[in-house]
Amino acid sequence: MLTTLLFCGCKKKIDFGPDEGITYRDNNNNPVSKIDPSDWTLDGNWSKQEKKLFDGLGVDVNSTAQGVVRNISLYPNPIETQGNFTYSVTASLSLKLVVVDRKYKVLLNTTYAPPTVGHYAFNIDFTDSKFESGESYRMYYVFYQGSTLYYKGHGDIKMAD
């Protein structure tokens, strides 16, 4: 009985994939290793655990994406202190970012609302002690307008040793 309770109480851990599942990028956003094809692209359906990260947003994250976001990346990766998140949009969209550890514990949760279309790049500070040297994390992103999903996905990041 105790084994069953322990097993049922365990949360699923993130599988970052083969070869760490990280797309390494230099300070100029150039890839410096093979690219993880599941990172920084449009995701399909998210699990219950992933959907829960966006509770209260008012957007069905498993609905059909209504738009396209291009050039999504985070660099450098691995990150020493700050990462530059970049993307291009053709509509004025809000962006919700959630960074979690491998057990889905939320470490960063923020929303951005750029006023116009275009290419955006902004810094994300990872100096907080909750981001451990050498550890991998997952960043989820949702681009939306009102209650409409435009694009969603994830990217795996690593803190530098």
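The values are calculated or read from the model by the stated rules, or taken from the named source; none is laboratory data. Keep in mind that what you see is a predicted model, and the values were worked out from it rather than measured. Heads up, the Cβs are rebuilt from the backbone with ideal geometry, glycines too, and the neighbour counts pull from every protein chain shown. These area figures cover heavy atoms from the full protein model, side chains too; ligands, DNA and RNA do not enter into them. Shrake-Rupley method; radii C 1.70, N 1.55, O 1.52, S 1.80 Å.
Considering each of 140, 75 in turn, give the residue that is free of Cβ contacts under 8 Å to residues at least 60 places away in the same chain and either under 25 Å from residue 28 (Cα atoms) or under 14 Å from the mean Cα position of the chain (by Cα) (or both). Quick ask: steps written out before the conclusion?
Working: 140 fails: free of Cβ contacts under 8 Å to residues at least 60 places away in the same chain.
Matching residue, one of 140, 75: 75.
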Query raised in the report: Which pairs have Cβ atoms under 6 Å, sit 6 or more apart or on different chains, and link a residue in the stretch 51-71 that is in contact (Cβ under 8 Å) with a residue 60 or more places away in the chain and over 13 Å from residue 146 (Cα atoms) to one that is surrounded by fewer than 19 Cβ atoms within 10 Å (Cβ to Cβ) and among the basic types (Lys, Arg)?
Result: none
Requested in this report: Would you check if there is a residue in the stretch 100-114 being in contact with a Ser or Thr (Cβ under 9 Å, 6 or more places away or on another chain) and within 24 Å of residue 37 (Cα to Cα)?
Outcome: yes
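Is it true that some residue in the stretch 111-121 is open to solvent by less than 30 Å² (accessible area, probe 1.4 Å) and under 17 Å from the mean Cα position of the chain (by Cα)?
Filtering the stretch 111-121 for residues open to solvent by less than 30 Å² (accessible area, probe 1.4 Å) gives 114, 118.
When the remaining residues are screened for being under 17 Å from the mean Cα position of the chain (by Cα), the result is none.
Taking every residue of the stretch 111-121 in turn, none turns out to be open to solvent by less than 30 Å² (accessible area, probe 1.4 Å) and under 17 Å from the mean Cα position of the chain (by Cα).
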